[in-house]
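Only one structure is covered here, and it is reproduced in the block below.
The values are calculated or read from the model by the stated rules, or taken from the named source; none is laboratory data. Keep in mind the model is a prediction, meaning the values are calculated, not measured. Positions of Cβ are backbone-derived with ideal geometry, glycine not excepted, and every protein chain shown enters the neighbour counts.
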Amino acid sequence: MKGKVSIILAAGLVVGLFALNTPAPAQDQQSQLFVVWDVIVYPSRFMEFEAPNKAFVALLAKHNCPFPMTTYRTDDYHYYFLVPIADLAGLEKVFNYFSKLSETAGKEYEVLHKSVAGTYESETLGVVSLRLDLSYNPERPRIKPEEMNFVWWNYYYIKSGKEEEGEAIAREWQALYGSNKITDSFNVYQYMIGSDIPAMVAAGGAKSAADFYSNEAKNLKKMGEEYQALAKRTMDLCRKFEHRTGTILRELSYTPKEE
């Protein structure tokens, strides 16, 4: 997946990890696959990286790209680029489209491709499944998706052979939030293809960092010792854990026009 097609995808596709709004529903309403690019950008060059992204989104609109895309940036300059696919065969459809776009858009595409050179350290391709059956979405969420400007991601790198236990723990978190009537939602993603698997990711959002941390304190107080006990058992299943925060970049995201 190297070469100018993958780099241009990194310049124009989403994350992000994480789409808090699911662009396309799963066939069984239990999961939704996403192609994910994780691009680590040099902090000193993030503006040079984002400018071509914005231009690339305009190029997608100009050429009626059929794939919805969302972009996220973490505070440590990981850029997550996600695009929904129906199944793993959808990977080929995505890459075929962008290969054809590079020919159709010609020099305009080539200029954007060259403009991101040297702005990032690395890019990693993966496929994740949004597990709706493990996610938590209260009937009346505290905030609406369009109000979310702060995003958090918890990466749980599960010990080999503990995948089923990881799913069971996720259901316990779902139940704990529900029994305490927590009004903040979270989505759970499971890596299907990636460089460091097995892994699961929980992601959620808030209006701002201040909004998140103040409300998190209230939620922790509600859940009390049950939270601490479940957190300990969760960490027991992990070989590594990472926590990131960031924001959604709506101006660098793309939604196809409705026909």
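Conditions (1) at pLDDT below 95; (2) in contact with a strand residue (DSSP E or B) (Cβ under 7 Å, 6 or more places away or on another chain); (3) on the phi > 0 side of the Ramachandran plot; (4) of a type outside the set (Phe, Trp, Tyr), marked per residue:
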site	(1), (2), (3), (4)
Arg171	no, no, no, yes
Phe186	no, yes, no, no
Val201	no, yes, no, yes
Ser208	no, yes, no, yes
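Going by the structure shown, is Glu123 in a helix (DSSP H, G or I), touching a residue at least 24 places away in the same chain (Cβ under 8 Å) and more than 16 Å from Glu251 (Cβ to Cβ)? So Glu123 does not fit the description; no.
Restricting the search to strands (runs of 3 or more DSSP E) fully inside region 174-259 and requiring at least 1 residues that are polar (S, T, N, Q) gives 187-193, 238-248.
Has region 188-199 got at least one residue that is under 19 Å from Ala231 (Cα atoms), within 18 Å of the chain's Cα centre (by Cα) and touching a residue at least 60 places away in the same chain (Cβ under 8 Å)?
Within region 188-199, one or more residues are under 19 Å from Ala231 (Cα atoms), within 18 Å of the chain's Cα centre (by Cα) and touching a residue at least 60 places away in the same chain (Cβ under 8 Å).
Is at least one residue of region 164-173 surrounded by 19 or more Cβ atoms within 10 Å (Cβ to Cβ) and of a type outside the set (A, V, I, L, M, F, W, C)? The answer is yes; a qualifying residue exists.
Residue-level analysis places Tyr157 among those that are touching a Cys at 6+ places or on another chain (Cβ under 7 Å) and closer than 23 Å to Phe34 by Cβ. Considered as a group, the residues in region 113-133 that are surrounded by 18 or more Cβ atoms within 10 Å (Cβ to Cβ) and among the charged types (D, E, K, R) include one that is farthest from the chain's Cα centre (by Cα), and that residue is Glu123.
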